[in-house]
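Presented below is the structure to which this report refers.
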Amino acid sequence: MFGRIFICILCLGFCLYSYLDMQNEITELRIRIPSLMSEVRRIQEENTHYLYEIERFENPENLMRLAKESAFSHLKFPISNDVLTMTEAEVVPRGDRATKALRKQPTITFAAGGSP
């Protein structure tokens with residue numbers, strides 16, 4: 001009888017310890033949330049700043065100004081004969097097997113509503 005009571009008290013103590021440990025972990029995470037939120041906000045502002053810098057750099061006026069500088073004087077605009085353009089081709093199935101595969105009906109049919 002004494003052994004059973006001791007085992008029950010031991011199990012209850014372990015359950016209480018596990019519950020308190022879990023609550024402590026949750027509290028630690030709740031304490032860390034504000035600092036993580038401020039870091040996320042800072043990173044978002046930094047990303048916004050970088051997007052602004054990219055747009056400012058890719059501005060056509062800025063690119064034309066850079067093209068006129070001596071560091072980029074060796075670059076030239078390509079002549080239309082130098083530019084190759086390709087059109088997208090249509091995919092046409094070849095052979096008898098491909099056309100049969102396109103026309104093949106599903107072998108399994110499913111009921112879609114209706115009353116029994």
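So is GLU61 of a type in the set (D, E, K, R) and either surrounded by 10 or more Cβ atoms within 10 Å (Cβ to Cβ) or modelled with pLDDT of 75 or more (or both) or not?
yes
Cβ-Cβ contacts under 7 Å between residues 6 or more apart (or on different chains), taken from a first residue in the range 56-73 that is free of Cβ contacts under 8 Å to residues at least 60 places away in the same chain and in a helix (DSSP H, G or I) to a second residue that is surrounded by 10 or more Cβ atoms within 10 Å (Cβ to Cβ) and among the aromatic types (Phe, Trp, Tyr), are listed as LEU66/PHE72.
The values are calculated or read from the model by the stated rules, or taken from the named source; none is laboratory data. Owing to the predicted nature of the structure, the values given are computational and were not obtained by experimental measurement. Counting neighbours? That spans all protein chains shown, and the Cβs are built from the backbone with ideal geometry, glycine included.
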